[in-house]
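Engineer: Supplied in structure tokens, the structure appears directly below.
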Amino acid sequence: MSENSKDFWRKVNSSDISDKDNPFLLVNSFLKNYPNSDLANKNLDLDMINSILKCHLTNFQLTPNEFNVLRNIKPLKFELPVTDSSLVELIGKYTRNGLGKAGVYKFTNKDSGFSYVGSSISLANRLFVGYLGSKLGNRVIDLAIKESGLERFYLEIYLIPDELINSALTHFEGEYSGNSNTEEKVKRLMKNFSLTLEQILILLHNPEYNVLKVAGSPAGNPRSLDSMLPSLLKNSKVTYLIDNETNKIIYKAESRTELAKVIDVYRGNISTLISKKELFLGRLTVSESPLDESVYTTDLMNPDDLLDYVNEIRTIWKKERMKNVDSTRSALNLKLSNSVELTNVKTNEVLIFPSLRDTAKYIQKFFDKVSPGTLSVIARKKGLYKGTFKLRYLREEDSLISDSNKMTMKSQNNLSSGRRSYSTKNNKAYFENVFSKKDAESPFAIVSNFF
């Protein structure tokens with residue numbers, strides 16, 4: 001392995017946050033601080049691009065005007081595979097000298113939304129020989145195209161304007177002046193501008209298929225997967241979905257975004273579940289941490305089956321929630337429908353009502369805006385309403401709920417019709433008088449003796 005390659009992988013795997021010359025730490029920090037395109041777009045500036053690319057591009061220095069031009073380049077979109085000549089007309093054909101149309105290409109998976117960003121000083125050579133040809137390798141994007149098929153992707157092309165290259169060539173300074181020929185200068189400019197635009201798009205979109213997020217990262221000598229593990233883990237966004245009832249890992253997503261799309265929730269909900277360690281639908285765990293294989297078994301589902309499975313759990317969860325709601329409502333309705341004894345502490349009058357609602361209606365004749373809920377609190381705390389009324393709930397076995405009292409309850413419902421209502425004390429005294437055998441002078445005794 002060359003010294004340059006060793007230095008490259010040292011920086012990739014470094015965790016020294018004080019190393020200001022490590023472009024990978026700069027990029028990872030930016031992507032962590034600004035995790036979506038809107039935030040990234042607001043915070044991406046010229047200083048960030050210069051700080052990242054000057055670390056591995058000799059004498060790199062982008063001007064404000066060049067940055068603004070590159071940032072505002074609009075892409076042209078192609079459905080794949082391209083069956084007409086439109087792409088060739090845009091980027092040209094394969095060239096032996098490696099010079100052609102310079103720019104950036106972006107592949108996006110139509111199903112997952114995952115993307116890959118790359119650049120070249122000859123887009124035709126890069127695309128027609130590689131991705132759109134037969135020479136796919138073993139990189140993440142190559143494997144994704146092999147697995148899903150080219151037709152499941154679309155392609156976007158960002159061309160570097162000739163005017164930008166010509167303008168920069170006119171004002172060329174630094175290491176490319178002197179003995180360097182014009183073709184060499186043009187190649188350097190095309191490379192720098194292409195890498196700059198690639199880096200801008202990586203920071204804006206954080207493409208999932210780009211394992212390394214620094215534009216122009218040298219491949220170095222071939223390395224084993226184990227030796228690359230630290231750098232892969234650093235950029236990994238693998239998100240697991242676990243069913244706690246079965247202790248099975250049922251889905252492994254490449255990112256929170258993918259999982260959110262598959263189970264039909266907002267990405268922010270996934271982040272909340274992870275940060276607060278809450279269960280999804282009271283049953284499923286979302287985790288980005290490595291899982292203990294002695295506790296969990298793996299039974300991965302495809303996206304369609306997973307959505308059906310989650311929807312079944314969602315239906316059960318909603319039914320359980322409704323049971324709790326119905327139970328709460330039933331308890332409330334029972335409380336509101338209980339018979340209520342209402343005592344006016346100022347007059348000592350006692351009235352019986354069949355429910356809190358009826359009690360509230362009666363009290364509203366004296367005070368405005370009386371709610372059953374307020375009366376429920378008064379009854380529970382054994383307090384007074386407006387310093388006047390005392391309430392208590394009556395049970396079936398309560399001795400005060402006699403047939404005579406029920407007659408009183410019914411009479412309260414007819415207060416508005418002008419019918420006379422009797423207090424509980426009056427009713428009790430009245431019926432005691434009716435059935436008394438001791439008081440010979442009572443009107444009921446006199447009438448009874450007459451017959």
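The values are calculated or read from the model by the stated rules, or taken from the named source; none is laboratory data. Predicted model, so just to flag it, every value in this text is computed and none were measured. Positions of Cβ are backbone-derived with ideal geometry, glycine not excepted, and every protein chain shown enters the neighbour counts.
Engineer: Output the number of the condition that Phe60 fails; it satisfies all remaining conditions of (1) out of contact with any Asp or Glu (no Cβ under 9 Å at 6 or more places or on another chain); (2) buried (at least 19 other Cβ atoms within 10 Å of the Cβ).
Structural biologist: Phe60 satisfies all of (1) out of contact with any Asp or Glu (no Cβ under 9 Å at 6 or more places or on another chain); (2) buried (at least 19 other Cβ atoms within 10 Å of the Cβ) except (2).
Engineer: Quick check on my filter: what residues within segment 87-120 are assigned to a strand (DSSP E or B) and either more than 30 Å from Asp264 (Cβ to Cβ) or among the acidic types (Asp, Glu) (or both)?
Structural biologist: Gly103, Val104, Tyr105, Gly118, Ser119, Ser120
Engineer: Taking into account only those residues within segment 121-151 that are assigned to a loop (DSSP other than H, G, I, E, B) and touching a Lys or Arg at 6+ places or on another chain (Cβ under 8 Å), which is surrounded by the fewest Cβ atoms within 10 Å (Cβ to Cβ)?
Structural biologist: Ranking the candidates gives Leu136 first.
Engineer: Read through the list (1) under 39 Å from the mean Cα position of the chain (by Cα); (2) surrounded by fewer than 13 Cβ atoms within 10 Å (Cβ to Cβ); (3) at positive phi, then give the number of the only condition that Gly98 fails.
Structural biologist: All conditions are met except number (1).
Engineer: Could I ask something else about it? I need the full set of residues from segment 73-93 which are under 15 Å from Leu201 (Cα atoms) and surrounded by 15 or more Cβ atoms within 10 Å (Cβ to Cβ), in order please.
Structural biologist: Ile73, Pro75
Engineer: While we're here: Which one is nearest to the chain's Cα centre (by Cα), of the residues in segment 257-313 that are assigned to a strand (DSSP E or B) and farther than 27 Å from Asn36 by Cα?
Structural biologist: Thr298
Engineer: Of all residues in segment 375-388 being within 13 Å of Leu342 (Cα to Cα) and surrounded by 12 or more Cβ atoms within 10 Å (Cβ to Cβ), which is farthest from the chain's Cα centre (by Cα)?
Structural biologist: Out of the qualifying residues, it is Thr388.
Engineer: Tell me the residue from Leu229, Leu241 that is at pLDDT below 90 and over 24 Å from Asp45 (Cα atoms), please.
Structural biologist: Leu229
Engineer: Do we have Ala40 as at negative phi and at pLDDT below 95 here?
Structural biologist: yes
Engineer: Consider Leu70 carefully, then state whether it is surrounded by 12 or more Cβ atoms within 10 Å (Cβ to Cβ), among the aliphatic types (A, V, I, L, M), touching a Ser or Thr at 6+ places or on another chain (Cβ under 8 Å) and at pLDDT below 95.
Structural biologist: Spelling it out, it is not the case that Leu70 is surrounded by 12 or more Cβ atoms within 10 Å (Cβ to Cβ), among the aliphatic types (A, V, I, L, M), touching a Ser or Thr at 6+ places or on another chain (Cβ under 8 Å) and at pLDDT below 95.
Engineer: Answer yes or no as to whether Tyr176 is among the aromatic types (Phe, Trp, Tyr) and at pLDDT 90 or above.
Structural biologist: So Tyr176 fails the test.
Engineer: Right, something else. Within segment 314-345, track down each residue that is under 31 Å from the mean Cα position of the chain (by Cα), at pLDDT 90 or above and hydroxyl-bearing (Ser, Thr, Tyr).
Structural biologist: Thr315 - this is the single residue of segment 314-345 that is under 31 Å from the mean Cα position of the chain (by Cα), at pLDDT 90 or above and hydroxyl-bearing (Ser, Thr, Tyr).
Engineer: Now a separate question. Select from segment 350-399 the residues that are out of contact with any helix residue (DSSP H, G or I) (no Cβ under 8 Å at 6 or more places or on another chain) and acidic (Asp, Glu) and list them in ascending order.
Structural biologist: Selection gives Asp368, Glu396, Glu397, Asp398.
Engineer: Please state which one of Pro354, Pro372 is over 30 Å from Leu259 (Cα atoms), over 48 Å from the mean Cα position of the chain (by Cα), at pLDDT below 90 and not aromatic (Phe, Trp, Tyr).
Structural biologist: Pro354
Engineer: Return the only residue of Tyr158, Tyr116 being within 24 Å of Glu258 (Cα to Cα) and in contact with a Phe, Trp or Tyr (Cβ under 8 Å, 6 or more places away or on another chain).
Structural biologist: Just one listed residue meets the conditions, Tyr116.
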